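Okay, structure first, notes after.
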Amino acid sequence: MACIPPHKRHSTVLEKLSPTPGCLVPRFKRYTNLNPAKSYIERTQRSGKIGYANNAISRWFVVGSTHADQFPASVNLEPVSIEALEQRMGGKPLALVNSHLMREECNDQRGSILSRPWASISGTVSQDILSTFEIMKNEMDFHELEIMKPVLVAKFGKVLFHGSPSVSLEDIKESEVTEATLRQLRRTFYTSVPTSYMENIVDVVAPEIGVDFEDEKDIYNVKLSDSRRQDAVISCKCSVTNDNRLELYKVELSQIRHMVIDISCLEKSQDLRLMFCAKRILTSLTDDEKRSIRELINSAVPDTHVKGGLRWPVGKASSGDRYNVIGVWHTISKTYNSPSLRLKVRRADRFDFKTSIGEATNEVVLKLKGIVTELQEPKLQDSVSVMLEDTLKLIWEHFLSYEHSPLP
């Protein structure tokens, strides 16, 4: 493989995808039907492949619409400028933006399901979570060459829409926006959040929800294609030694997604993704495979002047006809932990060798480990539903808006 020349870092994290939130009156008269989206399942990734299980659930729905298939008058589709997405998609994506965000508190509706959107969301996704876990549990027994672990996470960002063969973005702009029309468009869940949002999660939200600081890590994640595993990407987690060399400490396969549910939250500044994945750790690498992978890693040169933070000398980014470097992620992350939650905030600098597109992002991921633990206990379906609703309430109140006030 030819040498990847140094690139100046250029990524500008999108600081705002929606207006600063103000007051919000709940209008949860209806939740859209949750039939699997037929038009599009996201198949592209910043670097490498996204793997979906054969019967993966992929859904999108809206919280906050007022009439059948209609949006409030204050909600519009607006173009957003994200350089990396524009390079991949060939144009600016569109986001649903509410120009009149208001507080969701409404005293005369307190206690009703209309003022508790998390309860309705829980009711609509709980069966998907239960059935997905059963499928994952059955599949884990058949993978002898790798350790599979179920992971349920919540991610925060924006649902973005792109033109499709059946509907162009120009058609959308010239007509009234409806949920039915949006379902015909391609979708991306963009997980980069504003710096101010991420700082607030660390300074305010983490203490409020009772998670304690665990550690801070500086990691390089090298993505490899494998000619003998066409359906997966090998992920090599590495650190930099004191003498500026890359050191490998874990080898995994790309995750398999079993459930992806995206929720456009019209009355919040952030949207929500709930995702159930199988994490796969390789346990059966041969000595030759280990040696080839380690040689690729050892030949990397840490370089702060290139996207992704690593470069390879000419001819050193591949190992024969077996492995090729296809991407690099440099992440600096802080992790916070509690018995039921694991919060990670990270700054990621990515570079895709196949497209030569790089991007820097701020990301917040909440691992719902308490729910997964509860799922593994027999005959506890009711307790899972209660824990899910409580967790979604915590997410709704703490993670979907830019601004929070500290506890008195």
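The values are calculated or read from the model by the stated rules, or taken from the named source; none is laboratory data. Since the structure is predicted, the reported quantities are computational estimates derived from the model, not experimental observations. Because the Cβ atoms are built from the backbone with ideal geometry, glycine has one as well, and the counts that use them run over all protein chains shown. What goes into the accessible areas is simple: the full protein's heavy atoms, side chains included, and nothing from ligands, DNA or RNA. Shrake-Rupley method; radii C 1.70, N 1.55, O 1.52, S 1.80 Å.
The table below lists the values:
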read-out: Residue list for the range 329-362, filter: under 17 Å from VAL153 (Cβ atoms), among the aliphatic types (A, V, I, L, M) and either without any contact (Cβ under 8 Å) to a residue 24 or more places away in the chain or open to solvent by 30 Å² or more (accessible area, probe 1.4 Å) (or both); value: ALA348
read-out: From LYS223, LYS250, residue being in a strand (DSSP E or B), farther than 15 Å from THR283 by Cα and in contact (Cβ under 8 Å) with a residue 24 or more places away in the chain; value: LYS223
read-out: Flag for GLY315 being at positive phi and surrounded by 21 or more Cβ atoms within 10 Å (Cβ to Cβ); value: no
read-out: Pair list, Cβ < 8 Å and 6+ apart or interchain, from the range 177-203 residues that are under 17 Å from VAL260 (Cα atoms) to residues that are modelled with pLDDT of 85 or more and part of a helix (DSSP H, G or I); value: THR188/LEU85; TYR190/LEU85
read-out: Residues that are closer than 20 Å to ARG116 by Cα and not acidic (Asp, Glu), drawn from the range 372-392; value: SER383, VAL384, SER385, VAL386, MET387, LEU388, THR391, LEU392
read-out: Criterion violated by ALA300 - all others in (1) more than 21 Å from the chain's Cα centre (by Cα); (2) farther than 24 Å from GLY51 by Cα; (3) at pLDDT below 95 satisfied; value: (3)
read-out: Residues located in the range 368-400, provided they are in a loop (DSSP other than H, G, I, E, B) and farther than 21 Å from VAL63 by Cβ; value: GLN376, GLU377, PRO378, LYS379, LEU380
read-out: Cβ-Cβ under 9 Å pairs, at least 6 apart or on other chains, the range 287-303 side within 17 Å of SER239 (Cβ to Cβ), far side acidic (Asp, Glu); value: ILE297/GLU247; ASN298/GLU247
read-out: Subset of the range 303-336 that is β-branched (Val, Ile, Thr) and farther than 20 Å from ASP218 by Cβ - its residue that is modelled with the highest pLDDT; value: ILE326
read-out: Residues of the range 378-390 satisfying the condition of being in contact with a helix residue (DSSP H, G or I) (Cβ under 8 Å, 6 or more places away or on another chain) and either over 28 Å from SER196 (Cα atoms) or open to solvent by less than 20 Å² (accessible area, probe 1.4 Å) (or both); value: LEU380, GLN381, SER383, VAL384, SER385, MET387, LEU388
read-out: Residue within the range 285-298 that is open to solvent by 10 Å² or more (accessible area, probe 1.4 Å) and within 30 Å of VAL372 (Cα to Cα) present; value: yes
read-out: Members of the range 80-104 that are in contact with a helix residue (DSSP H, G or I) (Cβ under 8 Å, 6 or more places away or on another chain) and either at pLDDT below 85 or surrounded by fewer than 16 Cβ atoms within 10 Å (Cβ to Cβ) (or both); value: GLY91, GLU104
read-out: Complete set of residues in the range 233-260 that are open to solvent by less than 20 Å² (accessible area, probe 1.4 Å) and of a type in the set (Val, Ile, Thr); value: VAL233, ILE234, VAL260
read-out: Filter result for ILE263 (in contact (Cβ under 8 Å) with a residue 24 or more places away in the chain, assigned to a helix (DSSP H, G or I) and open to solvent by less than 20 Å² (accessible area, probe 1.4 Å)); value: no
